[in-house]
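Peer 1: Just passing along the structure, written as structure tokens.
None of the figures in this text is laboratory data; all of them are computed from the coordinates on show. If you're wondering where the values come from, they're calculated on a predicted model, not measured in any experiment. With ideal geometry, Cβ positions are generated from the backbone for all residues, glycine too; neighbour counts draw on all protein chains shown.
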Amino acid sequence: MTPFAQTPTESSLQTLDPVTMLIGIAVALLLVLVTNLLLKQRGRHNRSSYLARAMVGVPEIMQIQSADREGAIGEMVRFAARLIRTVDEETLMKAVLRREADMSTGLVHGIAAPHARLHQLNRSIVLFGRSARGIEWECLDDQPAILIFLILSPEDDAQEQLHMLAEIGHCADDDDCLDLLRSAKDCRTITRAIEHKTSRRKKS
């Protein structure tokens, strides 16, 4: 009787030595572990807040001293220029004031969100400041601005800035979030509050 011919796969498997097989198994396991890790990281990234990510590395809540809108923007832009370093203060100031001239960035419940997009930036940065006295900002409810977000984003990423403005708007409609913005001692507390609010909206 003619013996069955071995397939190429069966033949090659028989010629593999135990060490080679162990290396192959180890590589396969490593690939599985790396894939799972990347998927978990992607999941965390999708659940996190655009605002919170842009505030990473911002060390403190600014205490705004100026009594007017342009002065307050100037204080925040000066601080931003020291953090960014790739864009000078004058360029940042012109970009933010140009946007402010088109339409006031005053929202409601004491929140203002001056913002600009610049081609010199490769990532967004957000600063947060508070004014004890309140600043006239042409807010939608005619209240002075006391909670101020400065948003600076890359010119080619309009969607990210829109997401951040939307998150601020959602926070303005949430009493707990507003209370934290008014009372937080540091930016870390604020980013946690924003992320909590964002994750609750994504789950609902």
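Peer 1: Using a 10 Å cut-off around each Cβ, can you sort Lys197, Lys94 from fewest to most neighbouring Cβ atoms? Provide the component values of the computation, followed by the final result.
Peer 2: On the way: Lys197 21, Lys94 13.
Fewest-to-most ranking of Lys197, Lys94: Lys94, Lys197.
Peer 1: Find out how many positive minus negative residues lie around Tyr50, taking Lys and Arg as positive, Asp and Glu as negative, among other residues whose Cβ is under 9 Å from that of Tyr50.
Peer 2: Charge balance near Tyr50 sits at -1.
Peer 1: Among the DSSP beta bridges whose two residues both lie in region 55-203, what percent are antiparallel, rounded to the nearest 5?
Peer 2: In region 55-203, DSSP labels about 45 percent of beta bridges as antiparallel.
Peer 1: Take the alpha carbon atoms of region 55-203, find their radius of gyration, then divide it by 2.2 N^0.38 Å using N residues; give the quotient.
Peer 2: Cα Rg divided by the expected 2.2 N^0.38 Å: 0.97.
Peer 1: Classify region 101-163 from the C-alpha gyration tensor, please: rounded if a/c falls under 1.5, else prolate or oblate depending on whether a/b exceeds b/c.
Peer 2: Numbers: a/c = 2.74, a/b = 1.99, b/c = 1.38.
Prolate, since a/c reaches 1.5 and a/b exceeds b/c.
Peer 1: Rank-order 62-70, 161-169, 142-150, 82-90 by packing density, defined as the average count of other C-beta atoms within 10 Å over each peptide's residues, highest first. Write out the running numbers ahead of the final one.
Peer 2: Numbers: 62-70: 15.1, 161-169: 18.1, 142-150: 20.9, 82-90: 12.1.
Highest mean packing first, the order is 142-150, 161-169, 62-70, 82-90.
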